[in-house]
Amino acid sequence: MDASPDAHPLVLSLPLFPKPKLLFGDASDPQLRPTRVVAFNLNSIDAVVSAHNADTVAIVQKLQYVELARLLAKAAYGFLVGELGRDRVRGSYLLPIIFGDMSSAGLYIGSCDKMAIADEDDPALSYQSWRLPPNLGGGEIAVVIMRLLPHMKENPAYIVLCDLHEKHSDTA
């Protein structure tokens with residue numbers, strides 16, 4: 001028996017990925033592949049079961065992790081442009097992903113190994129500026145940490161790396 005849309009259970013599945021491979025200097029396999037999926041029941045499945053006198057409920061979902069990775073790249077890029085200004089954000093890591101080239105997404109996008117436990121005051125997006133070691137080019141990058149469900153105490157924390165233009169001092 002099918003459930004009407006208003007009685008349908010709402011389940012959100014989010015993929016977890018390895019940490020971005022650039023952090024470890026490993027470009028041997030730059031593809032982005034989910035390692036596992038976490039699912040959140042956002043409303044009661046029990047209500048659907050009891051409303052329809054069912055014994056079980058089956059939910060079929062297709063994991064759209066490529067689209068999620070593009071969303072993460074867009075959000076991180078836009079956030080950094082807003083925080084740092086367009087002249088500071090290079091974007092050569094993220095712009096190809098945003099425009100659909102996923103061939104190197106595993107270098108720049110990933111997630112934490114564990115679910116993030118957050119306080120309600122923690123920001124949904126934050127970043128730190130890091131310098132890559134000389135063997136990885138020595139450039140400056142922004143490491144963006146992103147929680148898509150900031151109102152939930154426990155949820156995946158995604159990591160997105162974006163290359164930056166070097167800061168220029170205004171002293172002469």
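The values are calculated or read from the model by the stated rules, or taken from the named source; none is laboratory data. Only a predicted model underlies this, so the values are computations on that prediction, with no experimental measurement involved. Here the Cβ is made from the backbone with ideal geometry for all residues, glycine too, and neighbour counts use every protein chain on show. For accessibility, only protein heavy atoms count, side chains too; no ligands or nucleic acids. Shrake-Rupley method; radii C 1.70, N 1.55, O 1.52, S 1.80 Å.
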If you check every pair at least six apart or on different chains, which have Cβ atoms under 9 Å apart with a residue in the stretch 16-30 that is at positive phi first and a residue that is assigned to a loop (DSSP other than H, G, I, E, B) and open to solvent by 40 Å² or more (accessible area, probe 1.4 Å) second? 25/133
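Looking only at the stretch 126-144, which residues are out of contact with any Leu (no Cβ under 9 Å at 6 or more places or on another chain) and under 18 Å from residue 81 (Cα atoms)?
Step one: filter the stretch 126-144 for residues out of contact with any Leu (no Cβ under 9 Å at 6 or more places or on another chain), giving 126, 128, 131, 133-135, 137.
Selection gives 126, 128.
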Members of the stretch 65-89 found to be free of Cβ contacts under 8 Å to residues at least 60 places away in the same chain, in a loop (DSSP other than H, G, I, E, B) and open to solvent by 50 Å² or more (accessible area, probe 1.4 Å), listed by number: 86
Only one of 111, 103, 92 is in contact (Cβ under 8 Å) with a residue 40 or more places away in the chain and buried (at least 17 other Cβ atoms within 10 Å of the Cβ). Can you tell me which? 111
Across the stretch 131-172, the tally of residues that are at pLDDT 90 or above, surrounded by 14 or more Cβ atoms within 10 Å (Cβ to Cβ) and part of a strand (DSSP E or B) stands at 14
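Which of the following residues is open to solvent by 30 Å² or more (accessible area, probe 1.4 Å) and in contact with a strand residue (DSSP E or B) (Cβ under 8 Å, 6 or more places away or on another chain): 23, 32? Steps first, answer last, please.
Details: 32 fails: open to solvent by 30 Å² or more (accessible area, probe 1.4 Å).
Sole residue among the options that is open to solvent by 30 Å² or more (accessible area, probe 1.4 Å) and in contact with a strand residue (DSSP E or B) (Cβ under 8 Å, 6 or more places away or on another chain): 23.
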